[in-house]
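Report on the structure given below.
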Amino acid sequence: MIKDFEKKIRAYALKNALAHDGKAMQGPVVSSLFNEGLQRNEVGKYAKKISEIILEVNSLSAEEQKKEFEKLEKKVHERKVREGLEELPNAKKGVVMRFAPSPSGPYHIGHAMTASISFLYFKKYGGKFYVRIEDTNPENIYTPAYEMIKEESEWLFDKKAKIIIQSERMPLYYDYAERLIEKGVAYVCTCSQEKFKKFVEKEKECPCRKNSIDESMKKWKKMLDKKGFKEGDAVLRFKSSMSHKNPAMRDFPLARINLHRHPLQKNKYRVWPLMNLAVTVDDIEMKMTHIIRAKDHRDNAERQKMIFSVLGKKFPWTAFLGRIHFKDLELSTTKMRQAIEKKEYKGWSDKRLPTIASLRKQGYKPQAFWKFAEQVGLSENDKIMDREEFFRLLDNFNK
């Protein structure tokens, strides 16, 4: 246990609050405590206490914070504590980073918070920043979202993001799928979903796994052929290990037949790459150096790392972010869209919605999200907030 730990938490919270209009944030405070000897594996143990102290500090007036900090200032480590963004490894020559929204709807505050941290690092180090619209699932696309995402990206990222649409890159995904088959690390599986699930549970290899490379390639061509396999009859799988300790890693799927009409590509393609294939291909081709993503993508990152490895590519440095869980805000664009269709809201810019369209109309600036994201930093800790607290903080950053 760090000596005078709670006083040190309070001292760093006061310091951070005084530097940011009276509102301390957990990310920078935790980063400061690392300098005092806090271990990363201990953060969960003390997260509640840190949050409680930060809330107490934020409830004080600026004058009260100043007076209290003067009393506790000696508790702050003599070494200069980072204010602003943490340094990224191997980033001095520039970075290549991305934000990858699905066109299921326009941006909301959750998108803005997650994306802004990557954009800020791009601004800090230089390089390239991509907004990659991931639209290889034809079933979950809201067509107006393409233009909304483009327009809102220009606003949020100061016209510096390059827009990429995955469905315009389909031949590239097919090329990589065939490379993996030719390497013997991918195969076409014709087992039913239920049957394959039983193989996973029993840690047994499915019979399709033993097919030769030539046989797998023939079946792949049959997937692509309009007169070949039907939807649901076959799936391309990555040959990982059927005894992997995490069942989700066992011969995971890479591509499937999906006959839903795509809003941009119409019926041009019948085989669509799944997330882990498309994301891996794009991260390789775009030469990603650093990736910041929500921590619920840990398994996906592990799958993608496997594909990088068999292709002899270096996996990008990756950080995971905790989520902000809102007690009284709905962030599902699907649910928002349904409510708009029912006339419960006037549109995406209705001031009651937590969308970027709404907040732009209300006078919020991109810099407010940048400052908020910088304060949160690269924290894996989830946070719980209500609407009032979030917008109080955002208002402070919008000045």
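The values are calculated or read from the model by the stated rules, or taken from the named source; none is laboratory data. Every value quoted in this text rests on a predicted model; they were computed, and no experiment measured them. We place every Cβ from the backbone using ideal geometry, glycine too, and count neighbours over all the protein chains shown.
A373 satisfies every condition listed in (1) in contact (Cβ under 8 Å) with a residue 12 or more places away in the chain; (2) of a type in the set (A, V, I, L, M); (3) farther than 30 Å from P89 by Cα except (3). Buried (at least 17 other Cβ atoms within 10 Å of the Cβ), touching a helix residue (DSSP H, G or I) at 6+ places or on another chain (Cβ under 6 Å) and not small (G, A, S): does that describe I292? Answer is yes for this residue.
Give the residues of segment 121-150 that are within 25 Å of L277 (Cβ to Cβ) and part of a loop (DSSP other than H, G, I, E, B), sorted by residue number. Within segment 121-150, E134, D135, T136, N137, I141, Y142, T143 meet the criteria. Condition check: of a type in the set (S, T, Y) and within 16 Å of F390 (Cα to Cα). Does S51 satisfy that? So S51 fits the description; yes.
Output the residue which, of all residues in segment 361-399 that are at pLDDT 90 or above and among the small types (G, A, S), is surrounded by the fewest Cβ atoms within 10 Å (Cβ to Cβ). That would be G363. Among what's in segment 326-356 and is of a type outside the set (A, V, I, L, M, F, W, C) and touching an Asp or Glu at 6+ places or on another chain (Cβ under 6 Å), pick the residue that is surrounded by the fewest Cβ atoms within 10 Å (Cβ to Cβ). Across segment 326-356, the extreme among qualifying residues is D328. The numbered conditions (1) part of a helix (DSSP H, G or I); (2) out of contact with any helix residue (DSSP H, G or I) (no Cβ under 9 Å at 6 or more places or on another chain) are all true for C208 except (2). Of the set (1) crowded, with 23+ Cβ neighbours inside 10 Å; (2) in contact (Cβ under 8 Å) with a residue 40 or more places away in the chain, all apply to A24 but (2).
For every residue, the table says whether it meets (1) closer than 30 Å to D282 by Cα; (2) part of a helix (DSSP H, G or I); (3) basic (K, R).
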{"residue": "E302", "(1), (2), (3)": "yes, yes, no"}
{"residue": "H325", "(1), (2), (3)": "yes, no, no"}
{"residue": "R352", "(1), (2), (3)": "no, no, yes"}
{"residue": "F369", "(1), (2), (3)": "yes, yes, no"}
{"residue": "E374", "(1), (2), (3)": "yes, yes, no"}
{"residue": "E389", "(1), (2), (3)": "no, yes, no"}
